[in-house]
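Asker: Mind having a look at this structure? Questions to follow.
The values are calculated or read from the model by the stated rules, or taken from the named source; none is laboratory data. Computed from a predicted structure; not experimentally measured. Counting neighbours? That spans all protein chains shown, and the Cβs are built from the backbone with ideal geometry, glycine included.
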Amino acid sequence: MPAPKHRSRTLRRVFVKTPGGKTKLTYRKRAPSKAKCASCGAILRGVTRVRFNRLKKISKTKKSSSRPYGGNLCPKCSRKKLIEKIK
């Protein structure tokens, strides 16, 4: 029987192969939800799905796209916003 803290489904179950050749069940935190556009709610591509503490170790180019409003707005919405700004 697993420990009470491991009984809920907040942690995902992962089978890991040990150096001795056995498979062992370990518990890891789930991946966070996918990044979404602030205005339309579309899923943003090019934004990594990692927890905050791992985000510090990832390079800046992998955190968001390089265009204006990258990582916050999808390409369509960012285009609309830039056109509005120009007007």
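Asker: On the basis of being among the small types (Gly, Ala, Ser), surrounded by 16 or more Cβ atoms within 10 Å (Cβ to Cβ), without any contact (Cβ under 8 Å) to a residue 24 or more places away in the chain and under 20 Å from Ser33 (Cβ atoms), does Ser78 make the cut? Show your work before the answer.
Answerer: Details: among the small types (Gly, Ala, Ser): yes; surrounded by 16 or more Cβ atoms within 10 Å (Cβ to Cβ): yes; without any contact (Cβ under 8 Å) to a residue 24 or more places away in the chain: yes; under 20 Å from Ser33 (Cβ atoms): no.
Taking the combined requirement at face value, the residue does not satisfy it.
Asker: Any idea which residue in region 14-69 is farthest from Met1 (Cα to Cα), counting only those that are part of a loop (DSSP other than H, G, I, E, B) and of a type in the set (S, T, N, Q)?
Answerer: Looking only at region 14-69, we keep the residues that are part of a loop (DSSP other than H, G, I, E, B), and these are 18-22, 30-35, 37-42, 44-51, 56-59, 64-69.
Adding the requirement that they be of a type in the set (S, T, N, Q) leaves 18, 33, 39, 48, 59, 64-66.
Values: Thr18: 20, Ser33: 30, Ser39: 46, Thr48: 35, Ser59: 41, Ser64: 42, Ser65: 45, Ser66: 48 Å.
The qualifying residue farthest from Met1 (Cα to Cα) is Ser66.
Asker: Continuing with the same structure: Kindly provide the set of residues from region 22-56 that are at pLDDT below 90 and aromatic (Phe, Trp, Tyr), ordered by number.
Answerer: Phe52
Asker: Let me ask something additional. Condition test on Pro4, is it modelled with pLDDT of 95 or more and surrounded by fewer than 10 Cβ atoms within 10 Å (Cβ to Cβ)? Give the derivation first.
Answerer: Working: modelled with pLDDT of 95 or more: no; surrounded by fewer than 10 Cβ atoms within 10 Å (Cβ to Cβ): yes.
No: the conditions fail for Pro4.
Asker: Select from region 31-63 the residues that are more than 11 Å from the chain's Cα centre (by Cα) and either surrounded by fewer than 11 Cβ atoms within 10 Å (Cβ to Cβ) or polar (S, T, N, Q) (or both) and list them in ascending order.
Answerer: Ser39, Gly41, Asn53, Lys56, Lys57, Ser59, Lys60, Thr61 - these are the residues of region 31-63 that are more than 11 Å from the chain's Cα centre (by Cα) and either surrounded by fewer than 11 Cβ atoms within 10 Å (Cβ to Cβ) or polar (S, T, N, Q) (or both).
Asker: So which pairs qualify, if the first residue must be in region 60-71 and within 9 Å of Gly46 (Cα to Cα), the second must be surrounded by 15 or more Cβ atoms within 10 Å (Cβ to Cβ) and of a type in the set (Lys, Arg), the Cβ gap must be under 8 Å, and the two must be at least 6 apart or on different chains?
Answerer: From region 60-71, the pairs are Gly71/Lys63.
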